[in-house]
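To start, the structure itself, in structure tokens.
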Amino acid sequence: MRFFLDQYYLEAIQDGRFSFAYAISPWLALLIVIAIIALSWGMYRKTTRALSGGWKTFFISLRSVVMILIFLCLLRPIVTLHEVTPQETYLAVLMDDSQSMSIADMPSGKTRQQVVSEQLYGDNGVLARLGESFQVRNFRFDKATGRITDIDSLTRSGNASSIDQALQYVDEQLGGLALGGIVLISDGADNGSFDPVSTARDLGAREIPVFAVGVGQEQIPRDIGIEQVEAARTVLDGTVFNLGVTVSQQGYQGREVVLQVVDGDTIAASRTIVLDSDGTARRYDMELSPERKEPIVYELQISIQADEIVPQNNSYQFLVDNSDRPALDILYVDGHPRNEYKFIRRAAENDQSLRIASYLQTGPGKFYRQGVNSALELNSGFPASREDLYQYEALLLGDIPRDFFNEDQLQMIQDFVAERGGGLLVSGMLEDSYVNSRIADILPVSLISSTMLPQYLQGGIRRGSHLTGEMFTPRFTAAGEFSDLLRLDSDDFVNRQRWQQMPDLQGIYITGRAKPGATVLLEHPSLQYQNQAVPVLATQRYGSGRSMFLGTASTWRWQMLMPSEDASHEVLWRQFLRWLSVSAMDRINIEFDREFYNAGDTVNVKATVRNPRFELDNNASVWLQLNSPSLQVVDNAMSWDIEEDGVYRSSFVVEEEGVYKLLVDVASAAAEANPEAMERQAALVVTPSLREYTRAGRDTGLLTRIAEASAGKYFNASQLAQLPAEIKHTPNAWTREIQQDIWNSPWLLALLVLLLCIEWVARRLKGLS
């Protein structure tokens with residue numbers, strides 16, 4: 001039966017490796033076959049009972065087939081096969097040793113690794129049977145690959161899987177030997193940087209097939225997992241920030257679970273959510289406010305279900321850096337004393353993350369400085385150089401006439417926003433001379449001359465009885481209703497209630513329509529210009545920075561007409577000023593190549609350095625000081641990247657979990673008046689990895705593509721026992737030629753007996769002797 005079942009016999013016949021041991025002339029063989037058919041016809045020419053033509057043909061054909069088969073057996077048919085020479089060829093067995101192999105989604109609650117081990121090892125295990133024909137070399141792999149000797153070497157602790165590097169490693173180790181093939185045993189959860197199919201294709205071109213064995217279920221039947229967390233990496237003290245959590249689930253549709261953020265033993269935030277439909281991922285938002293001034297590692301948790309298969313992905317750690325940092329510097333210029341000036345300054349007084357240096361005109365040629373750091377700051381009026389202006393992160397302009405600035409200063413303001421990344425807020429009356437100025441370019445609203453306005457809108461709020469000077473309740477736009485800038489409470493319902501209690505504003509500056517790229521957050525409830533509601537509060541991005549327009553000077557009423565303990569006015573203005581300031585570039589900007597790291601990962605740090613004019617600096621000496629969680633300190637010099645101006649790079653390997661603190665110190669070739677500007681701190685966190693537990697079902701598609709690209713074959717874990725027979729005829733192995741007789745095969749004897757029995761039964765049915 002072997003010939004009938006073994007595909008390699010059939011392939012040998014198709015390839016022309018079939019012959020007769022006793023070869024005779026083809027013409028003589030044909031003549032004998034014809035003679036056999038003629039003899040059969042003669043035997044049935046006359047019968048004891050009359051037969052129809054059809055039955056005669058049946059008996060003649062049956063007898064001819066039997067006699068021809070006997071004739072062919074006498075010629076001794078043989079098939080020439082190539083068989084692997086024992087122990088002359090090497091075979092690599094690559095076993096996935098990552099964390100996902102510990103998932104217990106196999107029958108009887110076994111882990112993936114347990115099922116593989118049971119079939120591989122033992123006296124009659126797959127490895128022992130493979131060892132009869134090959135010199136087997138065993139390897140383990142996760143994000144790195146190594147040689148192993150037995151199952152005890154498998155730890156299932158790797159936090160990443162790279163099939164591509166595993167295939168390349170085996171090729172490098174055994175490439176100079178007679179490598180007959182590679183057995184890849186994995187769940188296919190590849191999170192390496194390169195496509196393993198390309199490497200498999202190269203192996204196939206050299207006749208080294210990859211036999212892929214897929215382990216695990218394609219779809220985990222019961223699992224809840226955190227897939228992604230979006231949170232601010234750094235925040236200002238006292239800031240409430242949004243936390244975006246993407247959760248996927250399978251098998252728990254409609255179930256209520258608790259989603260909470262934990263800071264040590266303290267629950268910092270909590271929310272009950274209802275899980276969406278199976279197989280989908282949904283984002284849930286939460287709000288969080290850091291409680292202490294340091295890098296804080298929060299742990300996000302979803303309650304684990306009793307029958308959940310993968311509980312490891314129900315928690316996620318992330319870092320929020322709330323370390324002490326210099327206050328954001330804001331320059332406030334106003335043209336005359338007014339209530340708005342006093343209350344804006346008061347709003348920021350108790351916020352250590354903000355510093356307002358103000359320059360107030362109190363009379364003709366008279367100015368009052370407030371909040372300055374030194375006797376020289378703003379001593380000569382509005383900054384006359386980029387170095388002086390660029391020390392601020394935001395600029396706030398009140399009722400200031402156009403002739404207060406010269407053209408160079410207006411150009412500096414435009415560059416301050418577009419190139420420096422600073423913020424500009426205009427909260428005051430803009431006279432007609434600002435139309436078509438650089439200030440007009442920056443603002444989110446168009447400026448038009450007052451003479452171009454309809455009669456009922458001309459004059460602005462300086463006319464107390466005018467429509468534009470009346471009391472009004474600002475109306476939220478769709479964007480403003482959920483904007484963080486206007487958030488007084490994290491709960492939407494409470495936030496709306498608090499806004500309903502806010503006093504009315506009085507007076508609106510009419511400027512024009514909002515620009516196409518602007519976002520209007522508040523608008524006037526009744527006044528319109530060109531069929532659009534008059535904007536009260538609008539924002540937009542401008543170059544690298546931001547701009548904001550506030551079309552009223554009466555927000556002070558949100559403080560004066562509210563109870564003294566109400567902090568709504570302070571909260572709103574602090575949010576405005578922080579939003580304007582945080583987009584400003586730092587002299588030193590630190591970037592990491594990834595959002596989070598796991599033990600053993602390489603961290604690549606990029607520092608972008610600018611001089612006091614915020615021009616990229618290629619002549620600095622940059623050092624990186626690294627403080628590990630175990631308080632070990634290491635200093636590394638950062639190298640200038642010759643391909644990028646102002647960019648310096650360094651890398652290091654993180655070996656332990658926890659918070660790493662970094663200090664980048666810059667010694668510039670130019671003289672530096674502010675040493676603090678030449679240092680920048682940052683932090684990163686090394687957390688337990690979720691890569692191996694997120695969407696951890698078997699990737700049959702990838703494993704199949706790897707096998708097909710290399711001319712190998714894909715197997716499920718239940719088919720692992722078939723491997724030895726499939727690999728026996730691998731094309732790149734050392735083989736020997738053997739000849740196999742067919743004439744004495746049991747199946748052939750059985751066929752002859754069957755045909756003779758059929759003839760005997762048919763003859764009896766027709767009454768033949």
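The values are calculated or read from the model by the stated rules, or taken from the named source; none is laboratory data. In this text, all values refer to a predicted model and were calculated from it rather than measured experimentally. Heads up, the Cβs are rebuilt from the backbone with ideal geometry, glycines too, and the neighbour counts pull from every protein chain shown. We work out accessible area using only protein heavy atoms, side chains counted, and drop any ligands, DNA or RNA first. Shrake-Rupley method; radii C 1.70, N 1.55, O 1.52, S 1.80 Å.
Points worth noting:
- The base-10 log of I(q)/I(0) for region 371-472, evaluated at q = 0.12, 0.15 Å⁻¹, reads -0.49, -0.72 [Debye formula, identical scatterers on Cα atoms, solvent excluded].
- Of all DSSP beta bridges confined to the chain, the antiparallel ones make up roughly 70%.
- Ordering of 416-426, 602-612 by burial proxy (mean other Cβ atoms within 10 Å per residue, highest first): 416-426, 602-612
- Between region 278-313 and region 747-769, the Cα center-to-center distance that results, in Å: 77 Å
- Were the residues from ASP403 through LEU69 laid out at 0.36 nm apart, the gain over their Cα-Cα distance would be 108.8 nm.
- Under 5 Å between amide hydrogens, built in the peptide plane, is the criterion, and for VAL536 it picks out LEU522, GLU523, HIS524 among residues at least 5 positions away or on other chains.
- Added length on full extension, which subtracts the Cα-Cα distance from 0.36 nm per residue, ILE267 to SER630: 128.1 nm
- Charge tally in the Cβ shell below 13 Å around MET638, where Lys, Arg are +1 and Asp, Glu are -1, MET638 excluded: -3
- Inter-probe distance in nm under a simple model that places probes 7 Å from Cα toward Cβ, at GLN260 and LYS293: 3.0 nm
- Only Lys, Arg (+1) and Asp, Glu (-1) charged, at Cβ; region 219-366 dipole about Cα centre in debye: 820 debye
- Fraction of antiparallel bridges per DSSP, region 167-264 only, in percent to nearest 5: 60 percent
- What a 1.4 Å probe finds exposed on the chain is 50% carbon and sulfur by accessible area, rounded to a whole percent.
- Between the entries (1) 140, 63, 52; (2) 94, 75, 53; (3) 97, 82, 69, the label attached to Cα extents along the principal axes in Å calculated for this structure is (1).
- Positive-pole candidate from ALA23, VAL609, ALA268, dipole of the chain, charges at beta carbon: ALA23
- Cα gyration tensor shape for region 571-623, rounded if a/c is under 1.5, else prolate or oblate: oblate
- Karplus-derived 3J(HN,Hα), 6.51/-1.76/1.60, for each residue of region 129-135, Hz, glycine and proline x: 5, 5, x, 5, 10, 10, 8
- In this structure TYR693 has an accessible area near 20 Å², from a 1.4 Å probe over the protein heavy atoms.
- Order of exposure, largest accessible area first, which applies to LEU430, LEU703, LEU467 with probe 1.4 Å: LEU467, LEU430, LEU703
- Using a Förster distance of 30 Å, the FRET efficiency for GLU595-GLU118 (Cβ separation, nearest 0.05): 0.15
- Across the protein chains, with a 1.4 Å probe defining accessible surface, the residues THR57, THR704, THR687 rank THR57, THR704, THR687 from largest area downward.
- Residues in the chain average 47 Å² of solvent-accessible surface per residue, probe 1.4 Å, ligands and nucleic acids excluded.
- Across the options THR145, MET678, LEU94, the greatest Cα extent toward the positive end of the charge dipole of the chain (unit charges at beta carbon of Lys, Arg, Asp, Glu) belongs to LEU94.
- A helix-only calculation puts the chain at -7000 deg cm²/dmol for mean residue ellipticity at 222 nm, using -39500 (n - 2.57) for each DSSP H run of at least four residues, averaged over all residues.
- Antiparallel bridges, percent of DSSP beta bridges restricted to region 321-464 (to nearest 5): 25 percent
- Loop-resident GluC sites (Glu not before Pro) (DSSP state other than H, G, I, E or B) in region 96-185 with no more than 12 further Cβ atoms inside 10 Å of their Cβ: GLU132.
- With the whole protein complex present, VAL653 retains an accessible surface near 80 Å², based on a 1.4 Å probe.
- To the nearest 10, the accessible area of MET471 is 90 Å² with a 1.4 Å probe.
- 3J(HN,Hα) couplings calculated from phi for region 531-540 with the Karplus curve 6.51 cos²θ - 1.76 cosθ + 1.60 (θ = phi - 60°) are, in sequence order, 6, 10, 4, 5, x, 9, 9, 9, 9, 6 Hz; Gly and Pro show x.
- The stretch between ALA375 and ARG764 holds 127.2 nm of extra length on full extension. This uses 0.36 nm per residue minus the Cα-Cα distance.
- Rounded if a/c under 1.5, otherwise prolate or oblate - region 23-110, Cα gyration tensor axes: oblate
- Convex hull (Cα only) mean projected area of region 489-589, reported in nm² to one decimal: 8.7 nm²
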